[in-house]
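The structure appears right after this line, and notes come after that.
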Amino acid sequence: MTVVPPEVRNTHERKRRLKKFVSLILALLLALGISSVSAADGFDPASVSTPYVCLMDAASGNVLYEKNAYEKAYPASTTKIMTCILALELAGDLNEIVTVGDSVETKGSLINILPGEKMPLKDLIYGMMLQSGNDAARAIAEHFSGTESAFVEKMNEKAEALGMTGTRFVKSNGLHKDDHYSTAYDMALLSRYAMQNATFRQIVAAGTYDAAPTNKDSTGYQWENTNKLIHTKQGEASYKYQYANGIKTGDTANAGRCLVASAKKDGVELILVLFGDYSDKVSGDYRFQNAAKFFEWGFANYGTLEASSLGLANTLQAAVGNASPDDAEGGLLTLNIDFTGVKAVALSQTLDEIRGDPSLLTVTKAIDPLTAPVEEGQQVGTVSYQYDGATLFTAPVYASRAVAEAGAAPTSQPSTSPLAIETTPPGGAGEKNNSWVFWVCLLAALGILFLIAKLIFAGRRRKRAPRRRKAYRARIVR
């Protein structure tokens, strides 16, 4: 019988335990990976009953999923996203003091400010975005424009500039009006724009905010974010999502429960709009429960594709107006489409289909009217590529060469065209010059005609004379 030394026996035991521990860790990681993938793969966006949905990639603006996203819907307090970004852009100093007007909003959610109360603009904005204060939104609007209606005009101008074609604002706070409406897509578009502002991002990501005392309140205020993906109030169920970083809730009887949310994971940021969840049909937290699922599904199925890898045509031909007559190509210009750094952003399944058959893409050209002079390398427009009606990516277009402008028409030299018409006003110097030229040309032409006629006549006389002499000789012989 072989006796194993104790030190060898201990070494084998340590290796066995280490191997078992490593196997356990690997199994756990595998299980976690499988469960994570299963959770993402098992979610079907179509199973969500929310009437209006838009899931957008923040970097490109591409829509990853939508349901009725372009149809009219009521945005409720998500309207305050526009009020907030406008205030941030109009403000010279967020610490400037706002004096609340005499007509304070008293409907819906409030931060309970009073007429004549003086509060820093920054505090009002936090109260509007976190606590969803309708009174704060109106005070901000009146501070910048004098009246709420005047501020709303700025809101609609901004919406038009951003391409929000399905939106019309009537209130700064989103309290219901039948003619105050938007779409899920438009609100995603607005949020994508607003999230490019660092101060806006900081505001909508905050869980709570402490406002300083005012002339009407000696203790100050504390506001809590109504977005449960960001913050859980005491006594409420938690729906915090670790990747969430904004944006705004909204609730009215007509709009239902609304949510515009954003989340960022591994460098990818998604924006989600859920409109129209009515409390008689789903729970009050239905939007928060589904938001996290949408984000996980989006992150799991999200993909990018380099446009340059698709083998698309990279040139266009265009005619340039007012090009110089000396242009070697007769004013025809080759335009270069630059795919450098351009990526298609969509669901992985969509990208796989495009990768397999790039001809599935349709093209929309937006080329500026080309008029000389054109500089080499000048950007003259863009080309967009769509799949199933949705734009996947847009590439800039540049002029491949310079095209010179046609020079001014010469006025001191006569036209070489026999059909040229003199446009000098009657009675002017031009008319006298033309009369002199006319008579000289006429006399020259008559002289030429006279010489031709004389030569013809002389030729005929020479031909007739020999015949007469021959006949005379014939008569003498007879």
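Any read-out appearing in this document is the output of simple, stated calculations on the displayed coordinates, not a laboratory observation. In this text, all values refer to a predicted model and were calculated from it rather than measured experimentally. Here Cβ is always computed from backbone atoms with ideal geometry, including for glycine, and neighbour counts include all displayed protein chains.
Would you work out the Kirkwood radius for segment 46-301? I mean one over the mean of 1/r across all pairs of different Cα atoms, in Å.
Taking every pair of different Cα atoms in segment 46-301, averaging 1/r and inverting gives 18.1 Å.
Binned at 5 Å from 0, what are the whole-percent values of the Cα-Cα distance distribution for segment 107-174, short to long?
Cα pair-distance distribution for segment 107-174, in percent: 3, 18, 25, 23, 18, 9, 3, 1.
Antiparallel as a % of all DSSP beta bridges within segment 311-399, to the nearest 5?
Rounded to the nearest five, the antiparallel share is 95 percent.
For a quick protection proxy, order the peptides 95-104, 290-299, 389-398 by their average other-Cβ count within 10 Å, most packed first.
Most protected by this proxy first, the peptides run 290-299, 389-398, 95-104.
Output the pairs from Lys171/Lys233; Lys122/Lys264; Lys177/Lys264 with a Cα-Cα distance over 31 Å in this structure; if there are none, say none.
Table pairs above 31 Å Cα-Cα are Lys177/Lys264.
Return the ratio Rg/(2.2 N^0.38 Å) for segment 311-399, where Rg is computed over Cα atoms only.
In units of the globular-protein estimate, segment 311-399 measures up at 1.28.
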